[in-house]
Structure formats: structure tokens, C-alpha cells
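**Student:** Before I ask anything, here is the structure I am working with.
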């Protein structure tokens, strides 16, 4: 039923969209809601490119965490559990350790040598009479330095910071106390090593807790009225003129429309495609949002630059090409280690510029698919009228160059827009008092004696 709603409204009410690669301003209304959350509008832009930025933030920006993946021997990779008296299995405990935010503000400098230099040890025994919370700040961190024979202690606050609203570091487990009859209190003893990774490998490396966008609503009253009346006709099967004669019913329908359906009345181009996007990005607290967005643009740019010479030079080791078996004249180009992020980006550029646009070389088709969800590869199909492999390769190279230039422009625009300082929301909380900055511990009662 909703498919009957008009996707293209009155052309006089639609906005004209410029070529995003020539824009001097892409970001508007950059607002810092709190110390971790930013909102901004990205306009005018293609929806596929906006989604590429979102995916790059989620899967491409590097951070540091504890790898806790299972090995064939039944152990975990970088978290070694030596003793675990809790109700959790060793694998579950290691998984919780792997999800701890590790505060390394320059993850690109966290190489293998630095990873091996810092040792993280958690060794806590409940020798008291009440339940004991084990938190991330209980880690003992040491650094092996060339100028010291013994490992040098490092404050745990360097890597583990308090989180809201508990104002304490992350809770790992709760240990039971020593019981009547001599049973010892529970203990956790493990060692861990922090390494660099990206969200594409595992969610533990994702630097944000939220990265989403919605289509920017069109505030033009004429367009809203036009869409509302179209909604009445197509979704509600009502005559707008007749409904106006019943004020109470008309007001009720307006409230229903404004609840959800109005979101479909978004800023669009002459083809009915969205061109403006309202982003919300919340960091987990390690990397700030301005850095995350900038780094995501650099990641996309570097990903595309890898293939800019595919048309004239040797084929990269992770790319192969063969005549397509589809019912067209063209070639299948397989990219190992890539997914929808690169596939949708290149496909959009090729369709917009080399099929619908005037860019050279001209091609007849561009599409991609993922052979299998568990297969880490993407296949791009390029249709060429002349049947030459060189044409298909040149088209991919041109698309890679164009996308790299585009996200370099996005990066420069973001730096210019965010460097001046984001507008801070007026509804932020009042400055914290000394009392509110203190750690907030959950008070627990003593455990009941075992029978």
C-alpha cells in the first residue's frame, strides 16, 4: 500500500543538487550534544556515498582492544585465563575482556612492538565477607622498557577510564566471598595483550556506539501538504477535500501523519532520491568524533587509491578478472577482502558517471554481488560494448580515482567545518560537582552462608 505513495513530487518543489566533488561545503549544523556525541547534516550528497561513510566509520577506523577469539586448541588468542572461579566459562570471561574499551588515543602508532611492550594482568581474590566487583581499573599494567631491567608500572587509568553513569570503569565480574567452613573466596587471574584492529574484523574494535543517519526532512510547507494529501488518498483511501469538512478527524489524521509518515517527506532531487542526511555519531569514549569521521574518509580514500592504476599497470594480487558468464558482453572483476563498502561505492560512481553521465570510458552495465555471506570477496560486473578487457579495467581505475578524490574532498570539508568548533547543544547537563565526580559503587549485602 505504501508503495503507491508518490516518489517524485512536483518538480517545482524539489531541490537542485550539485556535483558533490565540486562543493565547498558539505557539512552543516555540526552540534556537539555531549563529550561523546555529535550530530551534523551532510548535504547535498548521494545516499550511497553517505552510506559508505557510515560503513567506514563502523568497520574501517582502527582502535585497540583485546583479541579473545577461540583457537583450534580451545584457548583464546590474546587473553589467557589462568584461574576463573566465577560462574562464567573461560571463553565468556575472555569475551567480556575483549569488549573493554582500551584508551589508546593514537591507535595508528600502536604497532606490534608496542603491543608486546605493555602487559595487562588481572589477579583479584575476594578475601572479604561481601560480594566484590571486579572492574577494568583492577588491571595491573606494566611496560617493558629498554632502560629498565624490571617492568615499569603504568597507572591503569591510562588505559581504562570511568564510564557514565556509574562513574567507574567497566564491570567485569562479581566475586563471591569466603564462605563459612573454610571455602576460599572466588578468584580471577588472567593476562592479556592489547592489539590494533578494525570493526570489520570484530565488533570489539568498533570506535562508536552509534553511527546512523536519517533522510533530512523537507520543511517546505507546500511539499508537506502535498505529501500529506497524497498519503490520505493512497494509504487511507480518503478524499482530502471531504476530510477537511471534519476538523476533529482531520486533526487526528494529521497527528498520525506527523508521528511517522512525515519522515518520508525528505529533501530530494528531481529523480526523487534523497540528497541530505542527518548523522548522529556517538563515540565509545576513546576516540573523539572529529577524528573518527576524518579517519573514515582517509580509510575510504586509501581503499580506492589501491586500484587507481588497475587500468594500465599490473593487476593487484587481490584482484582477478575474467569474461562474465552473464548475458552481456563484459567482465567479472573479483576483489578479495572486500564487501558492500567498496562494491556499492564503485557501482554508484560508474552508473552516475560512466553510464548516465559523460565520463570516459563509456560502459553499458555496472553491478556487483557478494558470492556468499561467508566468502570474503566481492565481484564487480562491468559491461563494455567493445568487448575489451582494457575498457573494463580503465572504468574501474577511473571510478577508483574519482571516489578517492571525492572522499578527499569530504575529508577536507569535514576538517574545515569541524575545526572551528562544533556548536554545543544548549541542553547539556550542568557542570559536575565534586561529589558527582566521585566513583559510584553499587552497595552490596554480604552473601548468605552456604549450607
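**Student:** Let me have the relative contact order for the chain, percent, based on Cα pairs under 8 Å that are six or more residues apart.
**Tutor:** Computed over the chain, the figure is 22 percent.
**Student:** Right, next: With both partners inside the chain, how many of the DSSP beta bridges are antiparallel, as a percent to the nearest 5?
**Tutor:** 95 percent
**Student:** Could you state the angle between the C-alpha long axis of helix 247-259 and the longest principal axis of the C-alpha atoms of the chain, as a value from 0 to 90 degrees rounded to the nearest 10?
**Tutor:** Tilt relative to the chain: about 60 degrees.
**Student:** Hey, fewest Cβ within 10 Å first, where do 318, 106, 248, 339 land in order?
**Tutor:** Lowest count first: 248, 106, 318, 339.
**Student:** Then there is this: Using just the C-alpha positions of the stretch 64-204 as equal point scatterers, what log10 of I(q)/I(0) does the Debye formula give at each q in 0.15, 0.18 1/Å?
**Tutor:** -0.80, -1.10
**Student:** Quote the relative contact order of the stretch 64-204 in percent (integer), defining contacts as alpha-carbon pairs under 8 Å separated by 6+ residues.
**Tutor:** 36 percent
**Student:** Report the full-extension gain for the segment residue 142 to residue 355: residue separation times 0.36 nm, less the Cα-Cα distance, to one decimal in nm.
**Tutor:** Full extension from residue 142 to residue 355 adds 70.9 nm.
**Student:** Give, in nm to one decimal, the length gained when the segment between residue 255 and residue 179 is fully stretched (0.36 nm per residue of separation minus the Cα-Cα distance).
**Tutor:** In short, 21.3 nm is gained.
**Student:** In which sequence would 315, 42, 303, 88 go, from the one with the fewest C-beta neighbours within 10 Å to the one with the most?
**Tutor:** 315, 88, 303, 42
**Student:** Sticking with this one: If each of residue 157 and residue 405 carries a label point 7 Å out from its Cα toward its Cβ, how far apart are those two points in nm?
**Tutor:** Taking the simple label geometry, residue 157 and residue 405 are separated by 5.1 nm.
**Student:** Between residue 193 and residue 375, what is the label-point separation in nm under the 7 Å Cα-to-beta-carbon projection?
**Tutor:** 3.4 nm
**Student:** Computed FRET efficiency, Cβ-Cβ of residue 389 and residue 47, R0 41 Å: what is it to the nearest 0.05?
**Tutor:** Values: r = 31 Å, r/R0 = 0.76.
With a Förster radius of 41 Å, E is 0.85.
**Student:** How much of the DSSP bridge set in the stretch 64-204 is antiparallel, in percent, rounded to the nearest 5?
**Tutor:** Expressed as a percentage, antiparallel bridges in the stretch 64-204 total about 100.
**Student:** Further question on the same structure: Give me Rg/Rg_expected for the stretch 307-407, where Rg uses Cα atoms only and Rg_expected = 2.2 N^0.38 Å with N residues.
**Tutor:** 0.97
**Student:** I've got another one for you. Using only the alpha-carbon atoms, how far is helix 340-349 inclined from the longest principal axis of the chain? Give it as 0 to 90 degrees, nearest 10.
**Tutor:** Helix 340-349 and the main axis of the chain meet at about 20 degrees.
**Student:** Tilt of helix 221-234 relative to the longest C-alpha principal axis of the chain, in degrees (0 to 90, nearest 10)?
**Tutor:** 90 degrees
**Student:** Shifting gears a bit: Which whole-number percentage describes the relative contact order of the stretch 307-407, with Cα contacts under 8 Å and a sequence gap of 6 or more?
**Tutor:** 36 percent
**Student:** Only bridges whose two residues both fall in the stretch 121-264 count here: according to DSSP, what percent of them are antiparallel, nearest 5?
**Tutor:** The answer is about 100 percent antiparallel.
**Student:** A further question on this structure: Expected output is a single nm value to one decimal: the length gained when fully extending between residue 220 and residue 115, i.e. 0.36 nm times separation in residues minus the C-alpha distance. What is it? Write down the numbers at each step before the final one.
**Tutor:** Values: separation 105, 0.36 × 105 = 37.80 nm, distance 5.44 nm.
Between residue 220 and residue 115, full extension yields an extra 32.4 nm.
**Student:** Turning to a different aspect of this structure: How far is it, in nm, from the label point at residue 318 to the one at residue 164 when both lie 7 Å from their Cα along the line to the Cβ?
**Tutor:** So the label points at residue 318 and residue 164 sit 3.7 nm apart.
**Student:** Quick check: the distance between the Cα centres of the stretch 80-127 and the stretch 145-216, to the nearest angstrom?
**Tutor:** Each part reduced to its Cα centre gives a spacing of 6 Å.
**Student:** Hey, for a label at residue 236 modelled as a point 7 Å past Cα toward Cβ, could you say which residues of the stretch 255-287 have their backbone N under 13 Å away?
**Tutor:** Answer for the stretch 255-287: 255-262.
**Student:** If you rank 92, 380 by fewest surrounding Cβ atoms within 10 Å, what's the result?
**Tutor:** Ordered by Cβ neighbours within 10 Å, fewest first: 92, 380.
**Student:** Assuming R0 = 56 Å, can you tell me the calculated FRET efficiency for the pair residue 150 and residue 273, based on Cβ-Cβ distance, to the nearest 0.05?
**Tutor:** 0.35
**Student:** Ignoring everything except DSSP H segments at least 4 long, calculate the 222 nm mean residue ellipticity for the chain; use -39,500 (n - 2.57) per segment, divide by total residues, nearest 500.
**Tutor:** Computed ellipticity for the chain at 222 nm equals -8000 deg cm²/dmol.
Coordinate-derived values only; no laboratory data. Since the model is a prediction, treat every value here as computed from it, not as a measurement. Ideal geometry is used to build each Cβ from the backbone, glycine not excepted, and the neighbour counts take in all protein chains shown.
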